[in-house]
Amino acid sequence: MSKIDVKSLYKIFGPEPRKALEKLRAGMGKDDLLQKTGHTVGVSDASFSVAQGEIFVVMGLSGSGKSTLVRCLNRLIEPTAGEVTIDGEVISSLSTEKLRAFRQKKMSMVFQRFALFPHRTILQNVAYGLEIQGMGRQAREEKALDMLATVGLKDWVSVYPDQLSGGMQQRVGLARALAVDPDILLMDEPFSALDPLIRKEMQEELTELQSNMQKTIIFITHDLDEALKLGDRIAIMKDGRIVQLGTPEEILTNPSNGYVANFVTDVDRSRVLKAENVMIRPSALVKITDGPRLALRKMKREEFSSIFVIGEGRTLQGIVTVDRAIEAVEKKEKDLRNIVDEDVPVTSPEVTLLDLFPMAATARVPIAVVDDNRKLLGIIVRVSVLSGLIARGDDLDDVSNSG
C-alpha cells in the first residue's frame, strides 16, 4: 500500500488559475500561457505514488517545479487542482486546524538554508517542534538530546547556530525534523548549500540514518549524482511536468527522451549501478551431493571450465573446476565434497560496480552474488565489470560463458 498518492496535481500561479488551468488542459503550452494570460505553471499533471520507507527523489533544474511540488504535498502551497492522499487521507479536505496538527505529527521539512533560530541554542532549536506540540521541557530536551546524538552533535548542545559550520547546522536541521518522529520527511535541496566534501558526508549520513529509521522521504535536488546515489526511485521534472519516473538503473539505461538523455550522458555509471543490476542467473549449477560425472557433463554442455556448487536452499558451497572433476572421476568419487574450492570471490547485491573493480581485476572465476544467508542470487563475469558492460541483461548474455 502506498504511503503517498498524488493524482493529476496542478499548481498555476496568477490571478485566475482556474481559467488558466482550462487553457492548459486544452493544450496551451507553458510559455504561451504565460505570454497570453500572465499565469505561470508550477506543476502540471503530476501523478505518482511513494511507498512506505522509500526515498523518492524529485530532480530538475531551476524552475522545473520540483520545490513547488513538494510544498503542495503539505499545502504550504495550495494546489490548483488534483489530489494528494497520505495514509488514505485526502490532504485537500483537511481544515486549517487539522492540517496544522497533520504537519506537526505526520510530516517534517528540512530546508536548504537550515532555517535555525539564531537566538536559540542547538538543543532549543532541535526541541522546538516538540515545544510546539506541547511536550514538557524535560521530556522534549531528552528527546532532542537523543536526536543530536544520532546526528553526532551531542557535545554541541549549548552553542548557537552561528558557532557551527554549514554541515553541522544542517545536521541540526535534520535532528529537529526527526525529533518529532514524523512518518514523512520532506527535504528541499537540503545539501545544496554545502561544499562538496560536506555534502558527500551528509548524503552518507542520511543513507545511514535511513537504514535505521526507515522514514518515507521526498528529497528534492538539482544534482543527478545526488539523485542517483540517494533515490530508490527518481522523478525528473521539466516545465512543471514529470518527464520520467523510474529507478536509477532505469533512468540511466532507458532515458525517456533527449532531455533525460542529456542529463545522464556524463554520469559515471560504475558509481551508481550495483552488482544486482549486472548479475546474471547461471545457466548451470550442481549440488554438493551430485557426482563429478554430472558436473563434467554440465560443464561440457555449457562449454564451461568450472561450475558453481550449491547446497540446500541454494546456498553457495564453492566452485569445481574441470581438472578437479576429472581427477574425482578417476578416483571414483561419489560426490563433490572433496573437490569443491571454497575460495570463491563473493559480493553482496548492493555493492557498486566501482567497488567491484579490484575484485574483478584479479578474479579467476566469475564473482558470486550472495545474500546474507549466502544464498546464490547470480554471478558476474569479470569482463562485464572491467569493460563497463552495464546495459540490459540481453547484452550480458554474450559474455555469460566467459571467465
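Laboratory data are not the source of any read-out in this text; all were calculated from the coordinates shown. Because the structure is a prediction, the values reported are computed rather than measured. Glycine also receives a Cβ, built like all others from the backbone with ideal geometry; neighbour counts cover every protein chain displayed.
Pick out, in residue order, every one of the GluC sites (Glu not before Pro) in the range 260-315 that is DSSP loop and has at most 11 other C-beta atoms within 10 Å; say none if there are none.
Sites meeting the loop and neighbour criteria: Glu303.
With θ set to phi - 60°, apply the Karplus curve 6.51 cos²θ - 1.76 cosθ + 1.60 along the range 290-299 and write out the HN-Hα couplings as whole Hz, x wherever there is a Gly or Pro.
6, x, x, 5, 5, 4, 5, 4, 5, 5
Relative to the longest principal axis of the chain, what angle (0 to 90°, nearest 10) does the C-alpha long axis of helix 353-362 take?
Compared with the principal axis, the helix lies near 20 degrees.
If you restrict to DSSP beta bridges whose two residues both lie in the range 276-399, what percentage is antiparallel, to the nearest 5?
For the range 276-399, the DSSP antiparallel bridge percentage is about 75.
Please label the shape of the range 232-334 as rounded, prolate or oblate, based on the square roots a ≥ b ≥ c of the eigenvalues of the alpha-carbon gyration tensor (a/c under 1.5 means rounded; beyond that, a/b larger than b/c means prolate, else oblate).
Prolate shape, in that a/c is at least 1.5 and a/b is the bigger ratio.
Tell me the label only: which of (1) 26.7, 89; (2) 20.9, 69; (3) 29.2, 94 is Rg and Dmax of the Cα atoms in Å as calculated from this structure?
Correct label, based on the coordinates given: (1).
Using a/c under 1.5 as the rounded threshold, could you call the range 128-220 rounded, prolate or oblate? The axes a ≥ b ≥ c are square roots of the C-alpha gyration tensor eigenvalues, and prolate needs a/b larger than b/c, oblate otherwise.
Oblate, since a/c reaches 1.5 and b/c is not below a/b.
If you place +1 on the Cβ of every Lys and Arg, -1 on the Cβ of every Asp and Glu, and leave all else neutral, what size is the dipole of the range 176-289 about its Cα centre, to the nearest 20 Debye?
520
How long are the three semi-axes of the equivalent ellipsoid of the range 1-131, in whole Å, if each is the root of 5 times an eigenvalue of the C-alpha gyration tensor, listed from largest down?
The three semi-axes for the range 1-131 are 30, 18, 15 Å.
If you place +1 on the Cβ of every Lys and Arg and -1 on the Cβ of every Asp and Glu, how big does the dipole about the Cα centre of the range 276-399 come out, in debye to the nearest 20?
560
Sort the range 64-204 into rounded, prolate or oblate with this rule: let a ≥ b ≥ c be the square roots of the eigenvalues of the Cα gyration tensor; rounded if a/c is under 1.5, and if a/c is not under 1.5, prolate when a/b is larger than b/c, oblate otherwise.
oblate
What residue among Asn373, Ser305, Met279 has its Cα farthest toward the positive end of the dipole of the range 276-399, where the charges are +1 on Lys, Arg and -1 on Asp, Glu, each on the Cβ?
Comparing the listed Cα positions along the dipole, Ser305 ranks first.
Quick check for me: using +1 on Lys/Arg Cβ and -1 on Asp/Glu Cβ, what's the dipole size of the chain about its Cα centre, in debye to the nearest 20?
800
Apply 1/(1 + (r/R0)^6) to the Cβ-Cβ distance of His119 and Glu250, taking R0 = 45 Å, and write down the FRET efficiency to the nearest 0.05.
The value I calculate is 0.45.
Calculate how steeply helix 166-179 sits against the longest principal axis of the alpha-carbon atoms of the chain, using the helix alpha-carbon long axis, and give the answer as 0 to 90 degrees to the nearest 10.
Approximately 80 degrees, to the nearest 10.
Which translational diffusion coefficient, to the nearest whole µm²/s, is obtained for the range 276-399 from the Stokes-Einstein equation, given a Kirkwood hydrodynamic radius over C-alpha pairs, 10 °C and 1.306 mPa s?
Using the Kirkwood radius from Cα pairs, D works out to 107 µm²/s.
Round to the nearest 10 and give me the degree value, 0 to 90, for the angle of helix 96-106's Cα axis relative to the longest principal axis of the chain.
30
Would you compute, from DSSP H runs of 4+ residues alone, the mean residue ellipticity of the chain at 222 nm, taking -39500 (n - 2.57) per run and dividing by the full residue count, rounded to the nearest 500?
Calculated from helices alone, the mean residue ellipticity at 222 nm is -11000 deg cm²/dmol.
Ala149 label point, 7 Å along Cα→Cβ, cut-off 20 Å on backbone N: hits in the range 161-177?
The answer is 171-177.
May I ask you to sort Val172, Val351 by Cβ crowding, counting other Cβ atoms within 10 Å and putting the fewest first?
Fewest-to-most Cβ neighbours within 10 Å comes out as Val351, Val172.
Stretched out fully, how many nm does the piece from Ile288 to Lys375 gain, at 0.36 nm a residue minus the Cα gap?
Gain on extension, Ile288 to Lys375, equals 29.9 nm.
Where Lys and Arg each count +1 and Asp and Glu each count -1, what net charge lies around Arg233 among other residues with Cβ under 10 Å from its Cβ?
-3
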